[in-house]
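After the C-alpha cells below, expect a handful of questions from me.
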Amino acid sequence: MTAYQLAGPVQTLAADVTPATGDVTNAEVTGNLSGGQTPLYLKVTNPSATVPVFFDAELTVLTVATAGTVIGPLTTEYIQVIGSGAFQTVYLAASAASAVTLYVTPVTVVS
C-alpha cells in the first residue's frame, strides 16, 4: 500500500482478556468512496511494545475475536473489510493477554 485516504474517525478498542467490541457504520464513513463502492480497509495499530492483540472484523455482530489477524507489538496492519460492493456496517472485536488499546481507522487506498 503506497497511500491511503482517511475514510472515518479513529476508534479505540480496549483489548483485554475480555474482548472489546465495536463497529464502523455507514454514517461514520466519509471521504471519497465513489458512492460507497470503493474498497474499504481498516488501519489497525497496536501501540504496545510487548503484547500482541488478536483482532477480527466481520460483517456480522461479533462478541469475541473468533478469526482474523494477530496484530504484533508496535505494528500497524491494513485489513480489507469491504471489496467493491456497497458499504455496510463492519463489526470489530479485539482481545489480548493484558490491557492494550488498539487504534482502528477506516481508510481507502489512493494508490
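The values are calculated or read from the model by the stated rules, or taken from the named source; none is laboratory data. The shown structure was predicted, so the numbers you read here are calculated from the model rather than taken from an experiment. Here the Cβ positions follow ideal geometry from the backbone for every residue, glycine too, while neighbour counts run over all protein chains shown.
Name the pairs whose Cβ atoms lie under 6 Å apart, with the first residue in the stretch 87-100 and under 12 Å from I71 (Cβ atoms), the second polar (S, T, N, Q), and 6 or more positions between them or separate chains?
V100/S48
For the stretch 58-79: of the residues being modelled with pLDDT under 90 and not hydrophobic (A, V, I, L, M, F, W, C), which is farthest from A15 (Cα to Cα)?
T60
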